[in-house]
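First comes the structure, then the notes that go with it.
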């Protein structure tokens, strides 16, 4: 597939690397020649220097023959204009990154489409949605559900004293038929486990299960589910504003923002929240706000380091759930090793939605989740594809792919070695980095 | 804790890729083996032996080495590129050792390296060439053909294994020019496009040559030597192409094409004429040829060598294109044309043709940059506050890249001199030393015979041949890739 990406910022560069590893043809456009030169010499991509909103640049980059045009410059208007131009030039599908809800509003959808923007990526919205999921399932690190929770993938960290710590995976599988350990993140590496792997303390286990059995997981992993009511947000960023608008009165939200001018603008943007002007790193301020009674602490400042440290402090004060925004990809692994609940990264969220578009260009039902070094995708088995007709253990799957569960006729079930996948099944596939195109080939 | 520690140089992975490359070379070696069998020559035995040994080692490396880390970094890319060229020459020289016209190890390595780097300097003399088997002739031609577009580039096009960042390093290390242009998003596609242009041109040339007085076999050998701008021939006296005006025109045309940037040709062929219009390197290339042609004709008339129309048309034109593209075919009587012509020949050997082509030399791109840069500096002596930049093909050359170009040109001159010095130290006459060194680093391969004095590559001492072989490789990989291996920074963290 030929993909043109406009804007080599953090998201653009990340997408380019990721998609190039997935064997896609990537052309990257940016105005900054130095940025491009570095990327060009390191990755399997082609680059063009020029403005994404310039017809000549777009023609040079052969946008006319592109299957997908992704505009991810920092400016919303540039992205929309670039998409519109690309679409006029003949790009098949266009995607724009936006930063206000306005374009997403269903009332305006048709107009936006007529402007030439087929799909939208709104990282702040995705992040807010992710935070809401994390608040609802406060005991899990990741929560990814398909078809209204028929199949659920849960990421949990194994703490000291959990029943299953030290268990061989094959023993775990023999005693727990309702769970499928799809992957283990240990230290900085995600592995697809085999029978003789041992579950260790500190691992993050990605377990697939069905809706009926998800509550049993709590007991096995030694977790307790907390109901979240009081939420403290550090940093009045766009994500915070979006979040405040989306949750309504389900949670009692307080936002701490250090910048006085920003504080003054916040009440107009996010309704009923309480705004506090101050530094969330100040222990006295936290005590004054009653940090001990707070159920969830969400750190959303621009600095990943501050967010990580603030969450750790909050944990020490007894906050049950902490969520940190970590924009630096290298820090994510580090942060996951620490006792921080959920980590939000806009780049990963944006790549999740792009993967979703790649895998399923005709409908938007498929879901996809990008982790730091792995992807989880929902794939539909096509008639006559390699994956169907044989029991799974006979398929000789590549080592970096595992099939976790499937949905047949709207009903979720787990996959074992003897399962035979039928055409039309929606399968939850866990792939290590760069393997998603292999999985896709198996399903088509 | 980092899960897998990366060695400074991922030797296991390198060896494995070398294995793949050896298998590829073995496949190519089967062609001259088959040719020998077809012509009923004894030489099929050394070729078959070489094929089997190469393939065997290749498969051993592929199947016995399973590196834990498969990633390749910058260092690996550079080292592998250099290694590949040396290993190809080492295995490619095996048939020369025990064929019906046998060579010593030194001579065989020189011959193979001269082929792969498209230098075209040969050890064989006329008498040996007469007795040479078809297999050996074809293999000599094939080494040039493979080396012309690039061994790495060929591998990138056919082996998906290298299609990652390490492959990009290797692409950059092998392809000539100031900057390396990708013409399609993936490196393998770029390699494939360039190789298909190359392959098509080769096939057309074979057909066109065989329509003339040459036999099919001679056409193939000359086509390979022409399009790769190598310069090996099946007949050292050059009578095969010199006697026919038709062959000379065709060869001149395709040498010219071999000196054009292949990426530019690909773009033009796929209908992008804008690229051709904006390419000032190509324009300069044409202008240089035209101007030199006029100068040649004047010199020839002055020297009293004007007897027939072909002496002021195809002969000088053929010679100019042959030298500027670093092919090294020699038209008749060049030493009679006077010293000015020889000086021009030396100048062209230095400049070479366009970057990204199969030609050698320092490339017109760099000369163009140097001239524009110098003119800017002269302008700035009067207006010191003016800010001027250099554009090549419409692209701004950044100061860092400009510095690299200047460093390249200095090193180029320096290495030529060092090569010449080493040869004089070995007792080679002064002019022969410097000329051979120059001819090898520029990958032209013209013998000192062109100067009208005696001497050939065969007569040089062994140490001189090894020195020249190294110079050829340095010239082909454009200096930095090889010199880097001799630097301390490369081997230490």
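Select the helices (runs of 4 or more DSSP H) contained entirely in the stretch B:269-384, then report the ones holding at least 1 residues which are in contact with a helix residue (DSSP H, G or I) (Cβ under 9 Å, 6 or more places away or on another chain) and more than 23 Å from residue B:436 (Cα to Cα). Let's see the steps before the verdict.
Details: elements: B:273-277, B:280-302, B:314-324, B:339-351, B:364-382.
Counting at least 1 such residues, we get B:273-277, B:280-302, B:314-324, B:364-382.
In the stretch B:81-102, what residues are modelled with pLDDT of 90 or more and more than 18 Å from the chain's Cα centre (by Cα)?
B:91, B:94, B:95, B:96, B:97
Looking only at the stretch A:142-160, how many residues end up being modelled with pLDDT of 85 or more and at positive phi?
0
Do we find a residue being over 19 Å from the mean Cα position of the chain (by Cα), without any contact (Cβ under 8 Å) to a residue 40 or more places away in the chain and surrounded by fewer than 18 Cβ atoms within 10 Å (Cβ to Cβ) anywhere in the stretch B:121-129? If you could, list the steps in order and put the result at the bottom.
Taking the stretch B:121-129 and keeping what is over 19 Å from the mean Cα position of the chain (by Cα), we get B:124-129.
Remaining after also requiring without any contact (Cβ under 8 Å) to a residue 40 or more places away in the chain: B:127-128.
Going one step further and asking which of them are surrounded by fewer than 18 Cβ atoms within 10 Å (Cβ to Cβ), we end up with B:127-128.
Among the residues of the stretch B:121-129, at least one is over 19 Å from the mean Cα position of the chain (by Cα), without any contact (Cβ under 8 Å) to a residue 40 or more places away in the chain and surrounded by fewer than 18 Cβ atoms within 10 Å (Cβ to Cβ), which makes the answer yes.
Give me the residue from the stretch B:152-176 that is surrounded by fewer than 20 Cβ atoms within 10 Å (Cβ to Cβ) and more than 8 Å from every other protein chain (Cβ to nearest Cβ) and, out of that set, modelled with the lowest pLDDT.
Of everything passing the filter in the stretch B:152-176, B:161 is modelled with the lowest pLDDT.
Taking the stretch A:16-30 as the region of interest, how many residues are more than 11 Å from chain B (Cβ to nearest Cβ) and modelled with pLDDT under 90?
Applying the first criterion (more than 11 Å from chain B (Cβ to nearest Cβ)) to the stretch A:16-30 yields A:18, A:22, A:29-30.
If we keep only those that are modelled with pLDDT under 90 as well, we get A:18, A:22.
Qualifying residue count for the region: 2.
Condition check: in contact (Cβ under 8 Å) with a residue 12 or more places away in the chain and either within 26 Å of the chain's Cα centre (by Cα) or outside any helix (DSSP H, G or I) (or both). Does residue A:18 satisfy that? Show your work before the answer.
Working: in contact (Cβ under 8 Å) with a residue 12 or more places away in the chain: yes; either within 26 Å of the chain's Cα centre (by Cα) or outside any helix (DSSP H, G or I) (or both): yes.
In short, yes.
Among the listed residues B:114, B:188, B:202, B:196, identify the single one that is within 14 Å of chain A (Cβ to nearest Cβ) and assigned to a helix (DSSP H, G or I). Break it down into steps so the answer makes sense when it comes.
On the way: B:114 fails: within 14 Å of chain A (Cβ to nearest Cβ); B:202 fails: within 14 Å of chain A (Cβ to nearest Cβ); B:196 fails: within 14 Å of chain A (Cβ to nearest Cβ).
The conditions single out B:188.
Need a quick list: strands (runs of 3 or more DSSP E) entirely within the stretch A:31-98 having at least 2 residues that are over 29 Å from the mean Cα position of the chain (by Cα), away from chain B (no Cβ under 12 Å) and without any contact (Cβ under 8 Å) to a residue 60 or more places away in the chain.
On the way: elements: A:46-49, A:68-71, A:93-97.
Qualifying strands (runs of 3 or more DSSP E): none found.
The values are calculated or read from the model by the stated rules, or taken from the named source; none is laboratory data. On a predicted model such as this, the values are computed, not experimentally measured, just so you know. We place every Cβ from the backbone using ideal geometry, glycine too, and count neighbours over all the protein chains shown.
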